[in-house]
Every structure is written in structure tokens, then in C-alpha cells.
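Following: one structure in C-alpha cells, then a few remarks.
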Amino acid sequence: MAVKNFIDLPMNDLQKLLYELDLAARGVLAIIADFSQEQFNKVPFAGSWTAGQVSEHLLKSISGIPALMAGNTRPTTERKGDEHVMTIETIFLDFEVKMKSPEFILPSNGPHDRNELLHGFRTALDEIASKTRTMDLTLTCTDFPFPGIGELTRWELISFAICHTIRHTRQMKNIHGHVAGQ
């Protein structure tokens, strides 16, 4: 199982969360930018998604987070506001486990426009960061129960965005290694 590497810097929890979000954002934007448009839509090996499909899937999964954060909430009184973070990390940062995507975030067959997806990521990740700086992250978001876990706090939704982005950045690096040499 992969373990998340935390940077041990003198930061408070909010600063660490924003730092991790920024690192994840930089990573995904950099790997997408490394693909040519042709490579972005090339199947690297049988049974794999293209980098464009991975990008679309990831963007679908995180682009709704700002709306969830701004949606209906309630105080989190029955547990700690970050209680499910370790569960999310354990699930999404275990790179040995293959997962099946929920239907509603499955990607299309493409072709996918690399620049359009780059713009979409910048917009979604900037909006998540902005809301992270200005909202009470301990409130529970009630509009969408996360599959297998249930309702998440804003903090936990941001942690999901970070972990899911890290997971698929790693996947796209692998894809790039295959298609860049073809």
C-alpha cells in the first residue's frame, strides 16, 4: 500500500491542506501539459483509458466539489471534522488496488481536448482553494453521500480531491511513459 508523504513544516492544518491541494494541482497540470494533443488521446495499452479519459474522469469527480461545499450543510457534532480523511487516503492512495469508477463520472470515448481540460482543472482547483480559505471546513455537506462512506465534511471533500488527483496524476505519468515512446 502506498503511504502519503506529509511535509513536516511549521504550518497549521489549513495551511497544510492548502499546500497539499496546491501540490496536487501543480502535479496534474504539469503531467497534462507534458502530453501532445495526439498523445493525450492515444491508448497506451489494451484495457487502459487514454490520458484524456483519465483527465475527464478526474475533472468530473472534482468539478462538483465547490458546489457541494456551498450546498446544504449541518454542524458536524457526532465526530471530528477530519475523521474520514485517513479512510479516504487509505482507499485512494493504495496504488495496488484497481477501482471501478461510478457511472456518473465515467469518461467519454473522446477525443479529448488537452487545453480545454487544463483550463477546466485550473478553474475547479482554484475554486476549491478559494472556498478552502473562506469556509468553515468542519461542516458536513449533506447534498451527496460519498459512496461507501456517507456524508463528508468540507475538509474531507477537499482531502478526496487531493487524493484522487494524486492517484490519477500517477496513472497519467504511467500512460505518458507508454505513449511518449510509441
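Please work out if His176 is over 15 Å from Leu18 (Cα atoms), open to solvent by 60 Å² or more (accessible area, probe 1.4 Å) and in a helix (DSSP H, G or I).
No.
Taking the residues in segment 30-67 that are hydroxyl-bearing (Ser, Thr, Tyr) and farther than 16 Å from His164 by Cα as candidates, determine which candidate is farthest from the chain's Cα centre (by Cα).
Selected residue: Ser36.
Filtering segment 138-159 down to residues that are in contact with a helix residue (DSSP H, G or I) (Cβ under 9 Å, 6 or more places away or on another chain) and of a type in the set (Asp, Glu), which residue is surrounded by the most Cβ atoms within 10 Å (Cβ to Cβ)?
Glu156
Scan segment 107-127 for residues that are aliphatic (A, V, I, L, M) and touching an Asp or Glu at 6+ places or on another chain (Cβ under 9 Å) and report the count.
2
Of all residues in segment 133-145, which are among the β-branched types (Val, Ile, Thr), closer than 22 Å to Leu14 by Cβ and at pLDDT 95 or above?
Passing the criteria: only Thr140.
Within segment 102-112, can one find any residue that is modelled with pLDDT of 95 or more, closer than 29 Å to Ser48 by Cα and surrounded by 15 or more Cβ atoms within 10 Å (Cβ to Cβ)?
Looking through segment 102-112, at least one residue is modelled with pLDDT of 95 or more, closer than 29 Å to Ser48 by Cα and surrounded by 15 or more Cβ atoms within 10 Å (Cβ to Cβ).
When segment 35-80 is examined, which residues are found to be over 13 Å from Ile128 (Cα atoms), hydroxyl-bearing (Ser, Thr, Tyr) and outside any loop (DSSP other than H, G, I, E, B)?
Of everything in segment 35-80, those that are over 13 Å from Ile128 (Cα atoms), hydroxyl-bearing (Ser, Thr, Tyr) and outside any loop (DSSP other than H, G, I, E, B) turn out to be Ser55, Thr73.
Being over 18 Å from Thr76 (Cα atoms), in a helix (DSSP H, G or I) and of a type in the set (Asp, Glu) is the filter here; which residues of segment 110-161 pass it?
Glu116, Asp126, Glu127
Report every pair of residues separated by at least 6 positions or lying on different chains whose Cβ atoms are under 9 Å apart, first residue within segment 143-163 and more than 22 Å from Ser130 (Cβ to Cβ), second exposed (fewer than 15 other Cβ atoms within 10 Å of the Cβ) and acidic (Asp, Glu).
Glu151/Asp143
Tell me which of these His57 doesn't satisfy, since it passes every other one: (1) modelled with pLDDT under 95; (2) open to solvent by less than 20 Å² (accessible area, probe 1.4 Å); (3) under 23 Å from Ile105 (Cα atoms).
Checking His57 against (1) modelled with pLDDT under 95; (2) open to solvent by less than 20 Å² (accessible area, probe 1.4 Å); (3) under 23 Å from Ile105 (Cα atoms), the one that fails is (1).
The values are calculated or read from the model by the stated rules, or taken from the named source; none is laboratory data. All values derive from a computational prediction rather than experimental measurement. Don't worry about glycine lacking a Cβ; one is built from the backbone with ideal geometry, like all the others, and counts go over all protein chains shown. To get the accessible areas, we keep the full protein, side chains included, count just its heavy atoms, and leave off ligands, DNA and RNA. Shrake-Rupley method; radii C 1.70, N 1.55, O 1.52, S 1.80 Å.
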